Amino acid sequence: MANPVYTSIPSCSSSDYSRESSIQSSRPLYGNREFSRELSLEEALPVEDDDAVVENPMSPIFQYSLSLKQNALEIERRPSRVRTMSTKQAAYAAGPEVQPLSGKSSSLQDPRNMQHHAGLPKRRAFEICIQNLTYKVKVKVKEKGQKVSKEKVLLNQVTADARHGEVLAIFGPSGSGKTTLLDALAGRIDRRSLEGTILVNGKPLDNKFKRISGYVTQEDALFPLLTVKETLMFSARLRLPESMPHAEKEERVDLVIQQLGLRNCANTKIGDDKVRGISGGEKRRVSIGVDVVHDPPVLLLDEPTSGLDSKSALQVMQHLSMIAKHGRTVMLTMHQPSYAILELIQNTVVLVQGNVIYHGPQAGMVNFYSDMGYIMPDHMTVVEYILESAEKISDRPKGVSKLVEYYHDTRIAMKDEQIVVHPAIDRPVPYATSFFNQAVVLAERNMVNVLRTKQYFLARTAMMVVGALILGSLFFDAKENEVGVRQRQSFITFALAFFLFTSSQTLPLILSERHIFMRETDRAAYHTSAYVLSGCLVLLPFQFFMASVFSAIAYSMVGLKASFAAICFFLLSMFLVLAVAQALVTLVAGMIPDLIPANDLLQAFLSFSLLFSGFFIQRTAIPKYWLWMHYTSPFKYPYEALMYNEFSHLKSVIWFNNEDSFDVLSGLALSRVRPWRNVGIMTLIWFTCIILFYCALKVNGKLIRH
Ligand SMILES: Nc1ncnc2c1ncn2[C@@H]1O[C@H](COP(=O)(O)OP(=O)(O)OP(=O)(O)O)[C@@H](O)[C@H]1O
């Protein structure tokens, strides 16, 4: 009696999916098709006097409840469901081994033909069991003109499980908690904020899960200047074992490119609003590629097909289905799947306002509703129908709670058997590759990005040349007299300000990388320290180059001290100033993720640091309570060192029209400066900024909700 529209959907061949037959047996209880044509699902759910309706075997609610109970009984029968988790934990902890992904399409048809893909290790299969998962947040709401704190339940007693070899799709209207559920599984919600249990092969979810799972989020976070192939290749080099030969990694990347339909744009840059690149749909597929290239045994995807046309969406789903067929566990969220896509989904969860209103085989969904007597319109898939109905129901007072109540009634049998779970013990996350390999790959990626970032390389070099020419011509050939001393002092101070202030232009670039860093470290692609180290080291040659360009032009034009040692010292100091400036910008970006406040803070700090450098007001004249600003100013140390470098040989400059002589360093209270100590302090400031940046990323750079 199934709706003809759905007869084409094959019931799952697995014996687990015997739900269809079990549901058939309930039909004699309710066979009034005429009634069903008149009522939609949401119409059938009464708002008042529901208990009476439930007792009536002819009532749709009774049928709904009955179907859920049958579903629950079937869930109990399924070998890997909640009950068996408790008794077979040891067996699950071991987990069956499944085949590595093979590139040969023939192998997709018959698992026995699956070929071993050389470098990829055999994978353990993973099963995820979610039990009574509840997540609440505190929100501020306005009540009678006053702000009060209230609890909002984002997930309410969610119980579901995902098994290897299947695609589990989470459906639900917008805001129903799909992303929240995936975030909870991905370890992005602080475990202390979650009630209930998440078991992975019978063991509580812990840090290790980050390593074995890929999480494709709704937002694409990719480097715009890398090509599709480069993006996937860097991901492969970070996440596949180091022992795997480079050629095999390349082969694997080519396979992913082919399977995700990215061949035509493999060598096109990703792009962004400024750089023309691949389309939005292609970006979505690259994001998926980044997280599937290392073949994780568990794959979580938040709306992987959003923004894709129907052909691309089907292609992506076929790829995910193939991944699942090879024994991986695939969980995804989705809106409005087509008929063809529905056929690729085996298991489903339907969420409404954080509550599960259906969990079971996709094939059973059709019967679940048709057994209740509803005929779904021809133009709709069962999911569209359920979601549309659910949205209408949720608008009614107590609408959702009635659905949920009935659903929970069906789970009584399961509630009897509670699993005793010990708290997860978080151990250090295991990484696929060594720290050294991570640092090298990240440095290489940074290098490619810097070389392709015109504003960093070309524009910065041009700025150095123009800046040096302007300063050089303004203070050209400074003499060794009072005016010359003032010129040299002004040149040194302005050159420092120029170096420090212009470095803030890299702030948006660093901030734009932040999301990529968080996504990658969230899935344990590399150590934070490898990222910090590679980021700082890779820029040093560029900074040295910039300092050299500036010094080569300006030093000779102004006519600073003509000695090899003095020139080298000047160059070294200017290079260190650029390095410190960059480290400061990076630190601010690590502490404050928003561009405007980060930039404001940086500019304010630099302005006041310049004020306290000793140029505008000498140390001896600074009030004691402001001395700390003088000592923490990144301008102070290079300013003093460069002044000493320049004037140490000019013990007495002729002052006031040959009438007096003047010891410049004593006059400026700089005679006790030790230039090499200042160089040491600048290096220490650079190092401290890097360490603080690392700490800021450790504290702020985690995708954790509380
Ligand atoms: N920190 C928070 N504080 C308050 N409400 C929140 C918070 N985080 C999420 N929510 C709310 O929780 C609900 C579920 O959000 P979630 O992103 O999981 O929905 P979704 O089903 O994935 O939606 P969509 O399909 O639109 O992506 C939404 O109503 C959202 O506004």
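What the table below lists for this structure:
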read-out	value
Euclidean distance of C-alpha centroids, the stretch 288-325 and the stretch 587-653, integer Å	52
Solvent-accessible surface (1.4 angstrom probe) belonging to Tyr637, in square angstrom, nearest 10	20
Placed amide H near Tyr215: partners under 5 Å, 5+ positions off or other chain	Leu300
J(HN,Hα) series, the stretch 206-213, from Karplus relation 6.51 cos²θ - 1.76 cosθ + 1.60, nearest Hz, glycine and proline x	9, 4, 4, 4, 4, 6, 8, 10
Probe 1.4 Å, protein heavy atoms only - accessible area per residue of the stretch 435-700 in square angstrom	44
Val699, Val139, Val588, ranked by accessible area, largest first (probe 1.4 Å)	Val699, Val139, Val588
Extension gain, Leu474 back to Glu250 (0.36 nm per residue minus Cα-Cα distance, nm)	75.2 nm
Accessible-area ranking of Glu391, Glu250, Glu513, Glu127, largest first, probe 1.4 Å	Glu391, Glu250, Glu513, Glu127
Rounded Å value of the spacing that divides the Cα centres of the stretch 144-159 and the stretch 456-515	54
In Hz, Karplus ³J(HN,Hα) per residue of the stretch 455-472 (6.51, -1.76, 1.60; θ = phi - 60°; x = Gly, Pro)	5, 7, 8, 5, 4, 5, 5, 4, 4, 5, 5, 5, x, 5, 5, 5, 5, x
Rg in Å to one decimal, and Dmax rounded to a whole Å, for the stretch 435-700 via C-alpha atoms	19.8, 73
The stretch 223-369: C-alpha gyration tensor shape, a/c 1.5 cut-off, then a/b vs b/c	prolate
P(r) weight above 15 Å for the stretch 141-230, C-alpha pairs, percent	72
Convex hull volume per residue for the stretch 223-303, taking Cα atoms only, in Å³	91
Under-5 Å amide H pairs with Val352, H placed in peptide plane, nonlocal only	Ile357
Sites matching GluC sites (Glu not before Pro) across the stretch 149-241 that sit in DSSP coil, with at most 14 neighbouring C-beta atoms within 10 Å	Glu219
Under Karplus coefficients 6.51, -1.76 and 1.60, residue-wise ³J(HN,Hα) of the stretch 333-340 in Hz, glycine/proline x	10, 6, 10, 6, x, 7, 4, 4
Against the rule of thumb 2.2 N^0.38 Å, how large the Cα Rg of the stretch 441-564 comes out	1.35
Where trypsin sites (Lys or Arg not before Pro) fall in DSSP loop in the stretch 273-338, at most 14 other Cβ within 10 Å	Lys274, Arg276
Assigned charges on the beta-carbon of Lys, Arg, Asp, Glu; the stretch 435-700 dipole about Cα centre (debye)	420
Share of pairwise Cα separations in the stretch 257-343, more than 20 Å, in percent	33
Carbon + sulfur, % of accessible area of the stretch 435-700 - ligands and nucleic acids excluded, 1.4 Å	69
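The values are calculated or read from the model by the stated rules, or taken from the named source; none is laboratory data. Just so it is clear, the model here is predicted, and its values are computed rather than measured. Note: ideal-geometry Cβ built from the backbone for every residue, glycine included; neighbour counts use all protein chains shown. Calculation scope for accessible area: heavy atoms of the full protein, side chains included, ligands and nucleic acids excluded. Shrake-Rupley method; radii C 1.70, N 1.55, O 1.52, S 1.80 Å.
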